[in-house]
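Contents: one structure, followed by commentary.
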Amino acid sequence: MPGPQEIEIVCDILVVGAGLGGCAAALRAARLGQRVCLVEETGWPGGQISTQGVSSLDEHRYIETFGGTGSYYALRNAIRDYYRTQYTLSPAAAAAPQLNPGNAWVSRLSFEPRAGAAVLEAMMAGPHERGALQVFYHTRAVAAEVYDARAASVLTRHRENGTFIRFRADYVLDATDLGDVLVYTATAYALGQESRAETGEPSAPETPNLACVQNFTFPVAVEYCPGEHHTIPKPDGYERNREAQPYTLVYRPWLPGSAPYKMFATAPGAGGPFWTYRRALDAHNFNDPRVPRDVSIINWTSNDFRGGTVVDRLPQEQDARYREARLLSLGFLYWLQTEAPRDDGGTGYPELRPRPDVMGSADGLSQMPYVREGRRLRALYTIVEQNIAAHAHPESRAARFADAVGIGFYPIDLHGCGERTTDIDTKPFQIPLRAMIPVRTLNVLPAAKNIGTTHLTNGAYRLHPTEWAVGDAAAAVAVFCRREGIAPQVLAARPDLQRRLQLLLLDEQIPIYWYDDVPLGHPAFAATQLLAVEGVWEGGDADLHFGPDLPVRTDAGKRWIAAAAASIARWGGAADPESPALAPAPEDDVLPLRRDAAATLVALSITGAPPTGQEDAAIVTRAELARTLGALLRAAIERYTPAS
């Protein structure tokens, strides 16, 4: 029975945390017909891009055309449209199809945190209005009921009025930054740095360190106001922090010979000016009196808090460390205003004015810390350095996972538990289903930075598009399992169910394999993805291309048709990969495959193959053949019934 002053709400899926992963999960589950409750401890959705102030998206070089889910591209497009509709842009910015409001050199899309929150609220308005999504702001999970390895309910408390709400849901998705729900639901988790003996990772240390969790940061928003003075009061502990960090324009001061950045000029060896590194508004993009000057977000190694983790600490210790971290960031701002070397000589930039309105805070700091790492799920599979690091994969992609439920790409970027950062190049990678499935808990799934990674690989899977992809995947897994009446652990053990889940993902424009030239809207997108994860037609080692418009050579066409026939036969379909029609013939290696010949080969090796409607003498393209084979493979998977 509900306790005193306790409200009880029943929904299909409860998402705890409205960061990027949580928003992605809530939107996806609502789109798939579920009744969704979304709980968020602050008053803004968005996490990284809003309350945490990291609104310069950390992405990859393919992102404008491939590498995100359909809903992630909807978010990016909506952010650009927000500035097109809410502001008067300069002619050049208005004409830019890939508008970057801040023109930050670290990101293809940088903007104000408050804009990120506004866009996500608008994206959630539709599901909310039709009754599919309820959002509870200023509400935090505080406990859970767990019976027989299943979360029966999650208890939350409103942070302002103290109201308790108990949510009862079939599935609970943990999208909190610290992995709080894992604790409340007794779901096993990992914390800190593993040893090399535990993971086999070449870059792991000899001994584990549970206290080694990535540094967190309070970014600060500032406007550059030439001729004005906006120096803040000197924060407590300023001198100590200035020396200990140290406060500097050198990004990695611990590396000998590292050159300092300049504020507005590009110093030798620097990626660009300090000011434009994570600039949120470039005044040159606007003909609007509301944006007379640039606004930038200060997120630098000098304001990374290295004073210890807040994970698994008492509330009073957490509060003390957050206070120290805020003072650290304010101290860095004070140093920039008073002591930083000026490009024009002298010291200090008193022209830097804090912009609390941009952050939705009282002092210009982010409302919440930018949390890079929290608790990580003890999953059926743990992603290790060897799976994704470039040094382990000379080919174009990282390790292949047949159970992939998403993709990502970013270096292993660790803002370590000491002063140093670690960078390890990676290859474009996948998100394996088993890394999202708890060892024991039956209805709790990770939906943010808390999937089954190591301390090292978390540094690659924690960034914006990948966190969003994890949330998308978590929702799809929960919905699929709920529809099928199975536990996620059963899904992880059944390749037939995994393929059907992947068909759902592809229908929802969630990529699971890396092809940089077959975008989500391409007619062959789903087919090329399915054929790749099935192992029928995988990409080459030299690049990420599929080559959809390239002609098919006869020998290659026969190989791909035979491979598809073999897969279809494994799924119980009537197909003969050994058909005499597929036997090698003279000049196959030089003759292009015509459409009519391709249709004949398919019909002779796969029973029931329908006419394509293009049985003419034109040369068949790779996309055309993939679409034919993909449709046949999909039909076999959908018809498959496992033996009892």
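The values are calculated or read from the model by the stated rules, or taken from the named source; none is laboratory data. Note that the coordinates shown come from a computational prediction; the quantities given were computed from them, not determined experimentally. Don't worry about glycine lacking a Cβ; one is built from the backbone with ideal geometry, like all the others, and counts go over all protein chains shown. All accessible areas refer to the heavy atoms of the entire protein, side chains included, with ligands and DNA or RNA removed. Shrake-Rupley method; radii C 1.70, N 1.55, O 1.52, S 1.80 Å.
For R240 and A392, compute 0.36 nm times the residue count separating them, minus their Cα-Cα distance, and round to one decimal in nm.
Between R240 and A392, full extension yields 50.5 nm more.
So for the pair N161, A265, with labels modelled 7 Å out along Cα→Cβ, what separation do we get in nm?
Computed distance between label sites N161 and A265 equals 5.8 nm.
Given the C-alpha atoms of the stretch 466-555, compute the convex hull and give its volume per residue in Å³.
Once divided by residue count, the hull of the stretch 466-555 is 124 Å³.
Quote to one decimal, in nm, the extra length available between S258 and Y62 on full extension: 0.36 nm per residue of separation minus the C-alpha distance between them.
Working it through step by step, the gained length comes to 67.6 nm.
Against the longest alpha carbon principal axis of the chain, how many degrees, from 0 to 90 and to the nearest 10, is the axis of helix 595-605 turned?
The angle comes out at about 70 degrees.
Mind pulling the angle between the C-alpha long axis of helix 20-31 and the longest principal axis of the chain? Nearest 10 degrees, somewhere in 0 to 90.
Long axis of 20-31 versus the principal axis of the chain: about 50 degrees.
Using +1 on the beta carbon of Lys and Arg, -1 on that of Asp and Glu, and nothing else charged, what's the dipole of the chain about the Cα centre, debye to 20?
Value, rounded to 20: 840 debye.
What does the charge count near W44 come to, summing +1 for each Lys or Arg and -1 for each Asp or Glu among other residues with Cβ under 15 Å from its Cβ?
-4
May I ask which residue of T309, Y87, V552 lies farthest towards the positive end of the charge dipole of the chain, with charges of +1 (Lys, Arg) and -1 (Asp, Glu) on Cβ and the Cα centre as origin?
Ranked along the dipole, the leading option is T309.
Report, to one decimal in Å, the Kirkwood hydrodynamic radius for the stretch 33-180 based on all distinct Cα pairs.
17.4 Å
Can you pull the accessible area of R342 for me, 1.4 Å probe, Å² to the nearest 10?
50 Å²
What cysteines in the chain have no other cysteine with a beta carbon less than 4.7 Å from their beta carbon?
Lacking a cysteine Cβ partner under 4.7 Å: C23, C225, C481.
Just want to confirm a number: the relative contact order over the chain, from Cα pairs under 8 angstrom separated by 6+ residues, in percent.
Here the relative contact order equals 16 percent.
Each label point is 7 Å from the Cα along the Cα-to-Cβ direction; what then is the distance between the points at E228 and Q98, in nm?
3.3 nm
Between L604 and T207, what is 0.36 nm times their sequence separation minus the Cα-Cα distance? Round to one decimal in nm.
137.0 nm
Can you figure out the FRET efficiency of V439 with A143, using R₀ = 25 Å and their beta-carbon distance, to the nearest 0.05?
Working from the Cβ atoms, E equals 0.70.
Please list, in chain and number order, the residues 5+ apart from F286 or on another chain whose amide H is under 5 Å from its amide H, with Hs placed from the backbone.
Distant-sequence amide H within range of F286: S90.
Loop-only trypsin sites (Lys or Arg not before Pro) in the stretch 410-466, please: DSSP not H, G, I, E or B, and at most 14 other Cβ atoms within 10 Å.
Hits after loop and neighbour filter: R420, R440.
Please give the direction-averaged projected area of the C-alpha convex hull for the stretch 308-375, in square nanometres with one decimal.
6.0 nm²
What distance in nm separates the two pseudo spin-label positions at Y322 and Q86, each 7 Å out from Cα along the beta-carbon direction?
For Y322 paired with Q86, the spin-label model returns 2.5 nm.
Go through 383-393, 465-475 and give me the packing order, highest mean Cβ count within 10 Å leading.
465-475, 383-393
Might you tell me the accessible area per residue for the stretch 491-644, computed with a 1.4 Å probe and given in Å²?
In whole numbers, the stretch 491-644 has 44 Å² accessible per residue.
For a Förster distance of 41 Å, can you work out the FRET efficiency between the beta-carbons of R168 and A197, rounded to the nearest 0.05?
0.45
What angle do you read, to the nearest 10 degrees and between 0 and 90, between the alpha-carbon axis of helix 554-570 and the longest principal axis of the chain?
With rounding to tens, the tilt is 90 degrees.
May I ask for the net charge around K449, where only other residues with Cβ less than 13 Å from the Cβ of K449 are counted and Lys, Arg are +1 while Asp, Glu are -1?
-3
Order the peptides 394-407, 29-42 from the highest to the lowest mean number of other Cβ atoms within 10 Å of their residues.
Sorting 394-407, 29-42 by mean packing, highest first, produces 29-42, 394-407.
Round to a whole angstrom and tell me the spacing of the C-alpha centers of the stretch 115-131 and the stretch 477-491.
The stretch 115-131 and the stretch 477-491 have Cα centres separated by 27 Å.
Cα atoms only: what Rg and Dmax, in Å, come out for the stretch 367-440?
13.9, 42
Rounded to the nearest Å, what's the spacing between the alpha carbon centres of the stretch 434-472 and the stretch 1-42? Just the number, please.
Answer, in whole Å: 18.
Counting Lys +1, Arg +1, Asp -1, Glu -1, what net charge surrounds Q509 among other residues with beta carbon under 12 Å of its beta carbon?
Charge balance near Q509 sits at -1.
Rule-of-thumb check for the stretch 188-335: C-alpha Rg over 2.2 N^0.38 Å?
Against the empirical 2.2 N^0.38 Å value, I get 1.28 for the stretch 188-335.
On a 1.4 Å probe surface of the protein chains, which of H522, H545 comes out largest in accessible area, and what is the full order?
The most accessible residue leads, giving H545, H522.
P(r) tail for the chain, what percent of Cα pairs lie past 37 Å?
39 percent
Share of the stretch 397-473's accessible area from carbon and sulfur, percent, 1.4 Å?
51 percent
What shape does the stretch 343-384 have by the C-alpha gyration tensor, where a ≥ b ≥ c are the square roots of the eigenvalues, rounded means a/c under 1.5, and otherwise prolate means a/b greater than b/c and oblate the rest?
Oblate, since a/c reaches 1.5 and b/c is not below a/b.
Given only helices, namely DSSP H runs of n ≥ 4 each adding -39500 (n - 2.57), what is the per-residue ellipticity at 222 nm of the chain, to the nearest 500 deg cm²/dmol?
So the calculated ellipticity at 222 nm is -9500 deg cm²/dmol.
Using the charge dipole of the stretch 193-351 (Lys, Arg: +1 at Cβ; Asp, Glu: -1 at Cβ; taken about the Cα centre), state which of Y251, Q337, G272 has its Cα farthest towards the positive end.
Looking along the dipole axis, the top candidate is Q337.
Based on the mean of other beta carbon atoms within 10 Å per residue, what is the order of 233-244, 13-24, most packed first?
Answer by packing, highest mean first, reads 13-24, 233-244.
Give the carbon-plus-sulfur fraction of the accessible surface of the stretch 75-201 in %, rounded to a whole number; probe 1.4 Å, heavy atoms of protein chains only.
Carbon with sulfur: 48 percent of the solvent-accessible area.
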